Amino acid sequence: MCMSKIANAFQNGAAFIGFVTGGDPSLAKSEEIILAMVRGGADLIEIGIPFSDPIAEGSVIQAANLRALAAGATVDGIFAMVRCLREKTQTPIVFLTYLNPVHHYGYEAFFARCEETGVDGIILPDLPFEEQEELRGITAVHGVDLISLIAPTSAQRIARIAAQARGFLYLVSSMGVTGVRSEITTDLSAMLALVREAARLPAAVGFGIHSLAQAKEIARIADGVIVGSAIVKLVAQYGDDAAEAVEDYVRRMKAAMTQNE
Amino acid sequence: MKTGRFGSFGGQYIPETLMNEIHALEAAYNRYKEDPDFNGELNALLRDYAGRPSLLYYAEKMTRALGGAKIYLKREDLNHTGSHKINNVLGQALLAKRMGKTRVIAETGAGQHGVATATAAALLDLECEIFMGREDTERQALNVYRMELLGARVNPVVSGTMTLKDAVNETMREWVSRTHDTHYVLGSVMGPHPFPTIVGDFQSVISREAREQILARESKLPAAVLACVGGGSNAIGIFRHFVRDPSVRLIGCEAAGRGIETGRHAATIAKGEIGVFHGMKSYFCQDDQGQIAPVYSISAGLDYPGIGPEHAHLYATGRAEYVPVTDDEAVDAFEFLAHTEGIICAIESAHAVACVRTLAPQLPKDESVILCLSGRGDKDVAAIARYRGVNVHE
């Protein structure tokens, strides 16, 4: 098995993983915002393919999904955006979406397009370990890493999940949906210790992270920090002019994370 | 067949955060479903509190008016809280207690499931929160007040289309945040395994009784059983014990709203496609991008873009038929049943009454059909009046 491109994201200290919803506020602006994240120092980009009913998302990303759909974002439109991005950056890119749009597109067609345009992985919050078999073969054929999530409630499941995991492990910091949290109460060190026992893959922490202090602290114990809602909030606030604010935010977060070294 | 599947339908398509809880629920259900104490307690509640067994009523005037097969009504509308929903809710609330939960949450469309859940919570001393689309809280304002009277907190859902689908989304989101003391009392034969099985099993009391009752009355099986279908719990309830009787036609009546060609409907089998949503693989109304489509029906209880996986399997294997019924046909049937039998049924159930009006005259007089009258219609009277242009103040 050759090493996936996603591993590159974790070569230079703790990785900053930034999320935006594709097509929010428009596909052209999403592309600008993603390039701004790369300039700001993002090591891996997560692009959300919008879905009408994102049950794992809090209100901020729900609203972004609806904005993107209202602005006409389609799966093909997002693939075209990735193709353009790939002419400008080799930063690893993963999709985050729900199973229905992928199922509707057709599994074979969808992952073939991922391979062709340069998408390195996919996160599907409604595809737990028990159902992953449905996609494991086809994602592997097309060199797309099917990324597994681990939650605070996963304890006895971690070993099984880790054994099949690809790319990196996405540690869900808290119970509940995505969204900015003032405090993360889960014992992340204990959770990470269980993960490290079971897997060699890098482990990144997401859900609720927004402040420099949180990023700094989590970068000390985890291999990556995933930030979604805080970036999407900037996009909601600044709209078409969000690129500059996002770049600045990502740069400050990444700087906070490297202060540990 | 994989665990938790009906053919290729069903499954457990939910966030990792819920998987542990879903496994705990499955284990608890498997432990208690054969437990004599649990079943003793449930059966006592169904009998003494809900009023079971429900009547199988021979609708003689309706039969004469239609001039064909004898029509029997399975009177779930006479249950405590006025619908079949109580059958499932009592089972799940007892299960939640056995699991050590102190709080239940539930989605509701028309409000029947919310009222039933709030009722069971009041009786069994559970804290209760209901999620209801804001549009539905306005359509069914009396049911909101009813739930509050019973001690529940009602949260209007303002995301998405503000109807049943969004209420399910929001209840799932609440459950992901808090599983340690909370059970999600899912209201239909949908969602991730084991919910479709649990709800179907608790509702199957309807056909267990109906099969015995019709054999006692007619000494032979009915030609058909009919029920309305949103998620499909009363339909699975009335179908389950007839599935292995191949001579009995199983007919589900889904909401065609303004008509299936208008785009304003909730006819999942007629117009939906296979997909994955709300934890299950099944048929869903969706657009050309795989986005869940906004649906519409005069009936808040059928206003749902999906259908339970057991129905998807019964349809895909040809065992059951699904027929779309428009708002107009349902309202006509609602009035017809009121005039001929003196029964005001739920607008949901009126979709099945409409099907019977077409089917019964095509069958010989020595045959019978059973119609599951899933709920009573008090909640719908004002809406039907408005539909007919009559200004009624509740």
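The values are calculated or read from the model by the stated rules, or taken from the named source; none is laboratory data. What you are looking at is a predicted structure, and each value in this text was computed from that prediction instead of being measured. Here the Cβ is made from the backbone with ideal geometry for all residues, glycine too, and neighbour counts use every protein chain on show. These accessible areas exclude ligands, DNA and RNA; they are computed on the full protein's heavy atoms, side chains included. Shrake-Rupley method; radii C 1.70, N 1.55, O 1.52, S 1.80 Å.
How about segment B:291-313: which of its residues lose at least 20 Å² of accessible area in the presence of all protein chains relative to their chain isolated, using a 1.4 Å probe?
B:GLN291, B:ILE292
Amide H neighbours of A:LEU44 under 5 Å, counting only residues 5+ apart in sequence or on other chains, H built in-plane at 1.01 Å?
Residues meeting the criterion, in which the H sits 1.01 Å from N, are A:PHE16, A:GLY18.
Any lysines with Cα under 22 Å of the B:LYS281 Cα? List them, leaving off those in the same chain fewer than 8 positions away.
B:LYS2, B:LYS165, B:LYS271
Which is farthest toward the positive dipole end of the protein assembly as shown among A:PRO50, A:ILE226, B:VAL243, measuring Cα position about the Cα centre, with Cβ charges +1 (Lys, Arg) and -1 (Asp, Glu)?
So the residue we want is B:VAL243.
Step through the residues of segment B:250-262 one at a time and calculate ³J(HN,Hα) from phi using the Karplus curve (6.51 cos²θ - 1.76 cosθ + 1.60, θ = phi - 60°), rounding each to whole Hz and writing x for Gly and Pro.
Rounded to whole hertz, the list is 10, 10, x, 10, 9, 7, 8, x, 7, x, 5, 8, 8.
With a 1.4 Å probe and every protein chain kept in, tell me what percent of the accessible surface of segment B:35-188 is carbon plus sulfur.
52
State in Å² the accessible area per residue of segment B:1-48; use a 1.4 Å probe, count heavy atoms of protein chains only, and round to the nearest integer.
For segment B:1-48, the per-residue accessible area is 47 Å².
Treating cross-link reach as a plain straight distance, find the lysines whose alpha-carbon is under 23 Å from the alpha-carbon of A:LYS216, omitting any fewer than eight places away in the same chain.
Filter leaves A:LYS233, A:LYS254.
Tabulate in residue order the Karplus-calculated ³J(HN,Hα) for segment A:217-229, using 6.51 cos²θ - 1.76 cosθ + 1.60 with θ = phi - 60°, rounded to whole Hz; enter x for Gly and Pro.
Rounded to whole hertz, the list is 5, 6, 4, 6, 10, 10, 8, x, 10, 9, 10, x, 4.
Relative to the isolated chain, which residues of segment A:23-67 have their accessible area cut by 30 Å² or more in the presence of all protein chains (1.4 Å probe, heavy atoms, no ligands or nucleic acids)?
Correct list: A:PHE51, A:SER52, A:ASP53, A:ILE55, A:GLN62.
Just how far, in whole angstrom, is segment A:1-58 from segment B:337-394 if you go by their alpha carbon centroids?
Taking the Cα centre of each part, segment B:337-394 and segment A:1-58 sit 53 Å apart.
Among the aspartates and glutamates, which fall within straight-line cross-link reach of B:LYS33, defined as a Cα-Cα distance under 13 Å, with same-chain neighbours fewer than 8 residues apart omitted?
Partners within reach: B:GLU41, B:ASP201.
If I compute solvent accessible area with a 1.4 Å probe over the protein chains, what percent of it on segment B:342-394 is carbon and sulfur?
52
Which FRET efficiency value, to the nearest 0.05, do you get for B:SER247 and A:ALA71 by plugging their Cβ-Cβ distance into 1/(1 + (r/R0)^6) with R0 = 45 Å?
0.25
Counting only heavy atoms of protein chains, what accessible area per residue, in Å², does segment B:149-244 have with a probe of 1.4 Å?
Counting only protein heavy atoms, the per-residue value for segment B:149-244 is 29 Å².
Hey, how many Å between the Cα centroid of segment B:41-77 and the Cα centroid of segment B:80-146?
23
In nm, to one decimal, how far is the modelled label at B:ASP288 from the one at B:ASP181, with both set 7 Å along Cα→Cβ?
A separation of 5.1 nm, rounded to one decimal place.
At R0 = 51 Å, how high is the FRET efficiency between A:GLN164 and B:ARG64 if r is their beta carbon distance? Nearest 0.05 is fine.
Rounded to the nearest 0.05, the efficiency is 0.20.
Tell me, what HN-Hα J-couplings in whole Hz come from the Karplus equation 6.51 cos²θ - 1.76 cosθ + 1.60 at θ = phi - 60° for each residue of segment A:7-12, using x for Gly and Pro?
For segment A:7-12, the Karplus curve yields 4, 4, 5, 9, 7, 10 Hz.
Between the alpha-carbon centers of segment B:258-321 and segment B:173-220, tell me the distance in whole angstrom.
Each part's Cα centre sits 19 Å from the other's.
First check a/c for the protein assembly as shown, with a ≥ b ≥ c the square roots of the eigenvalues of its C-alpha gyration tensor; if it is under 1.5, answer rounded, and if not, answer prolate when a/b is larger than b/c or oblate otherwise.
Because a/c hits 1.5 or more and a/b exceeds b/c, the protein assembly as shown counts as prolate.
Hey, can you find the accessible area per residue of segment A:112-204 for me, probe 1.4 Å, expressed in square angstrom?
That works out to 39 Å² for each residue.
Take the solvent-accessible surface of the protein heavy atoms, probe 1.4 Å, and return the percent of it on chain A that carbon and sulfur atoms account for.
Roughly 51 percent of what the probe reaches on chain A is carbon or sulfur.
Quantify how strongly other chains surround peptide B:4-17 by giving the mean number of their Cβ atoms within 10 Å of each of its Cβ atoms.
Partner-chain Cβ atoms within 10 Å, mean over residues of B:4-17: 6.
In segment A:163-183, which residues give up 20 Å² or more of accessible area once the other protein chains are added, compared with their chain alone (1.4 Å probe)?
Residues meeting the cut-off: A:MET175, A:GLY176, A:VAL177.
Percent relative contact order of segment A:122-191, based on C-alpha pairs within less than 8 angstrom and at least six residues apart?
After rounding, I find 28 percent.
Which value at 222 nm does the protein assembly as shown reach when only helices count, each DSSP H run of 4 or more adding -39,500 (n - 2.57), with the total divided by all residues and rounded to the nearest 500 deg cm²/dmol?
Roughly -13000 deg cm²/dmol at 222 nm, from the helical runs in the protein assembly as shown.
Relative contact order, percent, of chain B when contacts are C-alpha pairs under 8 Å separated by at least 6 residues?
Worked out over chain B, it gives 20 percent.
In square angstrom and rounded to 100, what buried accessible area do you get between chains B and A, total over both, with the probe at 1.4 Å?
Buried surface at the B/A interface: approximately 3000 Å².
Could you give the nm distance between label points at B:LYS365 and A:TYR238, where each point is 7 Å from its Cα heading toward the beta carbon?
8.1
Enumerate the amide H contacts of A:ALA151 below 5 Å, restricted to partners 5 or more residues apart or on another chain; note that Pro and chain-start residues carry no placed amide H.
A:VAL172
Modelling each spin label as a point 7 Å along the Cα-to-Cβ direction, I'd like the A:THR185/A:ALA80 distance in nm, to one decimal.
Between A:THR185 and A:ALA80, the label points sit 4.7 nm apart.
Residues of B:273-279, mean number of Cβ from any other protein chain within 10 Å of their own Cβ, rounded to a whole number?
Across the residues of B:273-279, the mean count of other-chain Cβ atoms within 10 Å is 6.
Within chain A, what's the longest stretch lacking trypsin sites (Lys or Arg not before Pro) that sit in DSSP loops with no more than 16 other Cβ atoms inside 10 Å?
Longest gap between qualifying sites, sites excluded: A:89-199.
For A:ASP248 and B:GLU335, FRET efficiency with R0 = 56 Å and r from the beta-carbon atoms, rounded to 0.05?
Step by step, r from the Cβ atoms, then E = 0.30.
For a test of the definition: using alpha carbon positions, the gyration tensor, and the 1.5 limit on a/c, classify chain A as rounded, prolate or oblate.
In terms of gyration-tensor shape, rounded.
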